[in-house]
Amino acid sequence: MSKIVRLVWFDLKPQLTPPVWIVVQWVVFSIQILIYGSLISQLFSPNVTERIGEYLKFYSVGLVVMMTFEIGSHTGRHFVEHAHEGRLPYLLSLPISRSTLFLVIALQGGAELALMLTVPLAFTLVLLGNLTIISVVALVFTLFWLGFGVAGLMLGLSFIAFKSSDFYTAIVTGLSTVIIRFSTVLYPLIFLPASYAGAAMLSPLTYGSDLVRLILGFDPSILLDPRIAVAVLTALAVSTLSLGLFLIQRLVEGVKSA
Amino acid sequence: MTEIRRILTLARSDFSYFFRTKWLMAVLLSLNLSDMLVVALVYKNMMSIDYMKHFVPAVVVMGLFAASLDTGRRIWLAFREGVVQYELSLPISTNGIVIAYLLAGGLAAMVYSSSLLLIAMIVMPGAIWSAVMLLPFLFVLATGLAGISAAFAALASTRGEFFFAYQQIVQVGLLTLSTVPYPINVVQNVFPPFLTAIVSANPLSQAADAMRNFTFAGYPIEPSALLGILLSSIPFTIVGAVAYSTALHKLRVKGKL
């Protein structure tokens, strides 16, 4: 256990001394909510506001889900960067099993997610006025589940990076934007044109954001069936993490450093 | 080879580097095209204004802004990887290097945003001649925005995380405090007068309003609007050039920053 903690800290320490990125995420979140969110929500027509509630609240939940996605995706990309910077061969040479190393990567991602989301999540909960223990626990669990699924997806795609790091970064960053835009993070499914709604059903963020909104008390009639959302998120997390575990067992040997 | 030709050679090298960075192209294109073709369209169905008309021209300015800011990343990379030492050894003055980077940044941003403008004109037909008339002013704006980025790269030349942190905060701050995502009357209704004045003076607001009014709404071009873009952009170009030049001068004299 101490080995795991030490390795997690080894990866986390550079980000905390000083914690520039964490503070930046909090500042950017505040600007987006207090300025962008407040102003853009003035533009929504009354019948839309009547249906989905104040857009600022809808947007703040979407922003938290987007942050979860970005941090989860960063964990996957971080693994590839380590492989190409020569850090991975060092980690592989340590007297720990591959599954322990995988656990370290997952825990490091989880710790990063927890640190970066603390303030935005607290802010959103206060804004929504939903501070029951059950809602907070369910929310944190859902976000972590989504975060692990996304990190697993990015780890699963990392085999591309072992051929071409440039190509991997291009695919992952391009894909991230498309996954966010074609989802219900920024707008409910009922307002999407039919051609976009089909694509949104393929995005894991649609299920993550709708489940989070349900937990936080949004009108269930504008959201997806929570049973389907739970099933999709679970399938995503389990399958992509299994793929990542497989890759770390078999494919990471001999990755060339940049 | 004259100094001007050397500047142009260095600028050409930096200009081509921008378009050869695959991940950057993937980010910029996916972000701007999805904003134009997905976000604007969906919001149009939800808002009390025609958001397509408001937002599609603004996405061109957003593309210009994002591409200009990449100049700072290239300058920061040159500092970090020692490319700057090579550049200082070339038969070109320090000011020549500064001019080359700002020129390349402005030009790359303009070429990139022009491609967005063409796509925007397919989505929403506009006046091509007005767009052509605006291009030189957008180029000045792009060098100004590249100047902001160059100043941050010079300030945070040894600490990468600080550079990207500054850049992200400035990017979000300048975009949210502008009329790129929302009309000025909404800003006036919510913000106090001094913040509304900042939003109006923001060069991104001026460029987005000019793009909407002159290229897409078809109003005749007003010289005062073009002058506004120049006046709000040139100070950023000067500040960026001075900051980058000072950093290069320090590096040349002391050997480190």
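Pull up region A:60-77, narrow it to residues that are of a type outside the set (S, T, N, Q) and touching an Asp or Glu at 6+ places or on another chain (Cβ under 8 Å), then point me to the one that is nearest to A:Tyr36 (Cα to Cα). Filtering region A:60-77 for residues that are of a type outside the set (S, T, N, Q) and touching an Asp or Glu at 6+ places or on another chain (Cβ under 8 Å), the one nearest to A:Tyr36 (Cα to Cα) comes out as A:Ile71. Of a type outside the set (D, E, K, R) and either away from chain A (no Cβ under 14 Å) or buried (at least 21 other Cβ atoms within 10 Å of the Cβ) (or both): is that true of B:Ala131 in this structure? So B:Ala131 fits the description; yes. Residues in region A:121-159 that are free of Cβ contacts under 8 Å to residues at least 60 places away in the same chain and out of contact with any helix residue (DSSP H, G or I) (no Cβ under 8 Å at 6 or more places or on another chain) were compared, and the one that is surrounded by the fewest Cβ atoms within 10 Å (Cβ to Cβ) is A:Ile133.
Going through (1) within 10 Å of another protein chain (Cβ to nearest Cβ); (2) touching a residue at least 12 places away in the same chain (Cβ under 8 Å) one by one, A:Ile35 falls short only on (2). When we screen A:Val27, A:Val61 for residues that are within 21 Å of the chain's Cα centre (by Cα) and within 14 Å of chain B (Cβ to nearest Cβ), the only hit is A:Val27.
Evaluate region B:228-239: report whether one residue or more is among the aliphatic types (A, V, I, L, M) and under 30 Å from A:Trp21 (Cβ atoms). Yes, region B:228-239 has at least one match.
Against the list (1) assigned to a helix (DSSP H, G or I); (2) within 13 Å of chain A (Cβ to nearest Cβ); (3) β-branched (Val, Ile, Thr), the condition B:Val60 fails is (2). Quick check, is A:Val80 modelled with pLDDT of 90 or more, more than 21 Å from B:Thr179 (Cα to Cα) and more than 9 Å from every other protein chain (Cβ to nearest Cβ)? Judged against the criteria, A:Val80 is not a match.
Taking the condition more than 14 Å from chain B (Cβ to nearest Cβ), modelled with pLDDT under 90 and touching a Ser or Thr at 6+ places or on another chain (Cβ under 8 Å), does A:Ile105 pass?
yes
Looking only at residues in region B:171-195 that are surrounded by fewer than 18 Cβ atoms within 10 Å (Cβ to Cβ) and more than 10 Å from chain A (Cβ to nearest Cβ), the one that is nearest to B:Ile148 (Cα to Cα) is B:Phe194.
When region A:21-37 is filtered for residues that are surrounded by 19 or more Cβ atoms within 10 Å (Cβ to Cβ), polar (S, T, N, Q) and within 17 Å of B:Leu174 (Cβ to Cβ), only A:Gln32 remains. For B:Ala26, indicate whether it is within 26 Å of B:Gln206 (Cβ to Cβ), within 13 Å of chain A (Cβ to nearest Cβ) and in a helix (DSSP H, G or I). In short, no. For region B:84-119, the set of residues classified as surrounded by 22 or more Cβ atoms within 10 Å (Cβ to Cβ) and of a type outside the set (A, V, I, L, M) consists of B:Tyr101, B:Gly105, B:Gly106, B:Tyr112, B:Ser113, listed by residue number. Annotation note: of A:Ser209, A:Ser176, the sole residue that is of a type in the set (S, T, N, Q) and at the interface with another protein chain (Cβ under 9 Å from one of its Cβ atoms) is A:Ser176. Inspection of region A:229-244 identifies no residue that is within 14 Å of chain B (Cβ to nearest Cβ), outside any loop (DSSP other than H, G, I, E, B) and in contact with a Pro (Cβ under 9 Å, 6 or more places away or on another chain). Answer with yes or no whether B:Thr71 is buried (at least 22 other Cβ atoms within 10 Å of the Cβ) and either under 30 Å from B:Lys254 (Cβ atoms) or at pLDDT below 90 (or both). Yes. With respect to being touching a residue at least 60 places away in the same chain (Cβ under 8 Å), surrounded by 22 or more Cβ atoms within 10 Å (Cβ to Cβ), closer than 24 Å to B:Leu145 by Cβ and not charged (D, E, K, R), B:Gly63 falls outside the description.
The values are calculated or read from the model by the stated rules, or taken from the named source; none is laboratory data. Note that this is a predicted model, so its numbers are computed, not measured. Cβ sites come from the backbone with ideal geometry, for glycine too, and all protein chains shown count toward neighbours.
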